[in-house]
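The values are calculated or read from the model by the stated rules, or taken from the named source; none is laboratory data. Predicted model only: the values in this text are computed from it and were never measured. FYI the Cβ positions are ideal-geometry reconstructions off the backbone, even for glycines, and counts take in every protein chain you see. Protein only, heavy atoms only, side chains kept; ligands, DNA and RNA dropped before computing areas. Shrake-Rupley method; radii C 1.70, N 1.55, O 1.52, S 1.80 Å.
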Amino acid sequence: MEYPYQIKTFEEYQKNYKESVENPEKFWGDVADNFFWRKKWDKVLEWNFKEPKIEWFKGAKLNITENCIDRHLETMGEKPAIIWEPNNPEERTRVVTYSRLHKRVCQFAQVLLNNGVKKGDRVCIYMGMVPELAYAVLGCARIGAIHSVIFGGFSAQSIADRLYDANAEFIVTCDGAYRGGKAIPLKSIIDDALIGNRTVKKVIVYTRTRTPVSMLKGRDIWWEDEMEYAEAQIEKDNVITMPATEMDAEDPLFILYTSGSTGKPKGVVHTCGGYMVWTGYTFVNVFQYKPGEVHFCTADIGWITGHSYILYGPLSAGATSVMFEGIPTYPDAGRFWDIVDKYKVNILYTAPTAIRSLMSYGMDPLKGKDLSSLKVLGTVGEPINEEAWHWYDENIGKHNCPVVDTWWQTETGGILISNLAGVTPSKPSWATLPMPGVQPVLVDERGKEITEPDEHGLLKGNLCIKAPWPGILRTTYGDHERCRTNYFASYENLYFTGDGALKDKDGNYRITGRVDDVLNVSGHRIGTAEVENAINMHTNVVESAVVGFPHNIKGQGIYAFVITEKNTHEDERAKNDILETVARIIGPIAKPDKIQFVNGLPKTRSGKIMRRILRKIAEGETENLGDTTTLLDPGIVDEIKQNKV
Ligand code: WTA
């Protein structure tokens, strides 16, 4: 397979960038010509950020699975699409070729049809990282059902909220999932999530861990039985026929829930055409993928990174994608390096938090591991500190592999700011330059463009984007107004990212982190309001305030200031009860690292919590707390400082 849109030199990048901004319709029309469409578009782009209304490749017809699978069958049918590495290294690897992937996806699509799933229906997928998860996702896409994958670390309550919001009628899950030394009972969590649920009609259960499960008559069915039945329907004389449903370019492909600064997580909606082009284009350009190379993205498919760079991006390029069931430290901290060695991985794409965690084990886990196949290293999910960047570059890349620091978000569908491996320059801890089609701008609180450099010669402001790229979110499910107010209302005619950034004189961007009330804990997005709501559910809690603080490995940790009804200071049990409550309501990933019991919170006279002060205290800065004269009770600040944990 060839990628005529792959940028090969810095000059070419500059030329492409210029063209993409000056004539986006021509530029993206030319790129999109390299993808598989049943019918081409009538118009490449129509948009306004006011409503917002964004339409790419208007009038085009396609099915993304024909682009990601069918079109490769003739020339690459026997090439591995997915190499699956189990949690337990002693267990057998599974290699899924493109033709096998085709068969399984068609089979599962037929299973969905057999169970009454129709185009546009929402199918919630709650599974571990097994190949069947890929079949489920792509099976939905094949018949135009909207998949909504939920990360295996979320609690029953979180799942219930998402099922309700998406009005989902179908669930695909596993009996359990292996993660390191643990087996998580997914089906039983689903059972809890379904208590009181009135919309879900069918639950399809794949057997992975052989954990005992309760199967409800009429509702719960086994994956294996269904697949066997479907096989006979779609296969005759070794020929597989299961036509893909024709989709409009702007039909929804999936919903993925993500945390914002207020309230419950929102269902970010991506559509078929633009998302396909954006993930395919960015995959081939950022990682400079060459046919035959092995790509290993360590993310979970429960997050956007897994959607875009384990499944859709690599598969649309006909790449070989490694899918890993386990965790980086099981059975030991050399696991990633074993996988790189075993499959001769060429591209490794992981998160700064994983790098920092592995760094802390020293060099021993690297001994005897052949990493010479590596060509490109990537990071995503949070700002990477220089120390981690250099460790990655030196010890993993041996100064031979360009490091791409890729900045993007669930809402952006794919990478927006990153160097292109070996093509555009890298700069440690800087995401560097925007992708073609991406027009960043830094603004102040009032939306005025920042033009005056600070004392270091850098521009500093809130990061916005001026115009749409094909992978931008189209709406938030069931509540378009929420999409508008969240992303398009802060500043007129701009998409606001929620991130702060610096820009140097060469046009490079450095993302400094969220400027809203969203935390980034081990690369997972968590809203402070969400955590506060969960803490406040605990019976003894009166009020709480949650802020982030710098954490050596997680990037950010969660610090909770809690007022309780009875005086439970120093009470370890009370702390553990609160942690348990948060794990129940959201999931273990949202458990606070620190809990401090307080008698009051610093509030303004209008009752607003001054988080700025709490953030400083959590960061360990107890001097220079700024103006505290507007506080209702300035004395409370001293008390909180003194009892800091
Ligand atoms: C942060 C993950 C600095 C950022 C793909 C963003 C980053 C949030 C980087 C989105 C990076 C992601 N450098 N910060 N290279 N990549 N972020 O939706 O704050 O899970 O807004 O998408 O992660 O997280 P999300």
**Asked** What number in nm² do you get for segment 90-245 if you take the convex hull of its Cα atoms and divide its surface by four?
**Response** 9.3
**Where Thr282, Thr581 fall by accessible area, highest first, once all protein chains stay in place (1.4 Å)** = Thr581, Thr282
**Prompt:** Which of the aspartates and glutamates could be linked to Lys39 by a straight reach, that is with a Cα gap under 19 Å, when you skip same-chain ones fewer than 8 residues away?
**Reply:** Glu25, Asp30, Glu55, Glu66, Asp70, Glu246, Asp248, Glu250, Asp251
**Request:** Would you give the gap between the C-alpha center of segment 488-551 and the C-alpha center of segment 584-645, rounded to a whole Å?
**Result:** 16
**Request:** Can you tell me the order of 64-71, 75-82, 624-631, 528-535 when each peptide is scored by its average per-residue count of other Cβ atoms within 10 angstrom, highest first?
**Result:** 64-71, 528-535, 75-82, 624-631
**Request:** Report the residues of segment 157-180 in range of a label on Tyr229: point 7 Å along Cα→C-beta, backbone N strictly under 17 Å from it.
**Result:** 170-173
**Complete:** In the chain, taking the dipole from +1 charges on Lys and Arg beta carbons and -1 charges on Asp and Glu beta carbons about the Cα centre, the listed residue (Gly378, Leu473, Leu579) farthest towards the positive end is Leu473
**Complete:** With segment 498-645 reduced to its Cα atoms and the Debye formula applied, log10 I(q)/I(0) at q = 0.21, 0.22 1/Å amounts to -1.40, -1.49
**Asked** Charges only on Cβ, +1 for Lys and Arg, -1 for Asp and Glu: so what's the dipole of the chain about the Cα centre, in debye to the nearest 20?
**Response** 680
**Request:** Using the Cα centre as the reference, give the magnitude of the dipole from point charges on the C-beta atoms of segment 9-151 (Lys, Arg: +1; Asp, Glu: -1; all else neutral), rounded to the nearest 20 debye.
**Result:** 620
**Item:** Per-selection Kirkwood Rh - segment 440-514 (Cα, Å, 1 d.p.)
**Value:** 13.2
**Cα-based Lys pair tally, segment 90-245, threshold under 14 Å, eight or more apart or on separate chains** = 6
**Prompt:** Using the Cα atoms of the chain to build a convex hull, what is its mean projected area in square nanometres?
**Reply:** 28.6
**Prompt:** With a sphere of radius 10 Å drawn around the Cβ of Lys460, what net charge do the other residues whose Cβ falls strictly inside it have (Lys, Arg +1; Asp, Glu -1)?
**Reply:** -1
**Item:** Computed magnitude of the charge dipole of segment 166-205 (debye, nearest 20; Cβ of K, R +1, Cβ of D, E -1)
**Value:** 60
**Asked** For segment 80-176, which whole percent of the accessible surface, found with a 1.4 angstrom probe, sits on carbon and sulfur atoms?
**Response** 45
**Complete:** With only helices counted (DSSP H, runs n ≥ 4, each -39500 (n - 2.57)), the per-residue ellipticity at 222 nm for the chain, to the nearest 500, works out to -8000 deg cm²/dmol
**Request:** Of the options Gly368, Phe488, Gly620, report the single residue whose Cα projects farthest towards the positive end of the charge dipole of the chain (beta-carbon charges: Lys, Arg +1; Asp, Glu -1).
**Result:** Phe488
**Fill in**
Once the dipole of segment 520-642 is set up from charges on Cβ (+1 Lys and Arg, -1 Asp and Glu), the residue from the list Gln642, Val598, Ser544 lying farthest towards its positive end is Ser544
**Fill in**
Taking every C-alpha to C-alpha distance in segment 546-608 and binning by 10 Å from 0, the per-bin percentages run 20, 45, 31, 4
**Message:** For the chain, give me the percentage of DSSP beta bridges that are antiparallel, rounded to the nearest 5 percent.
**Reply:** 60
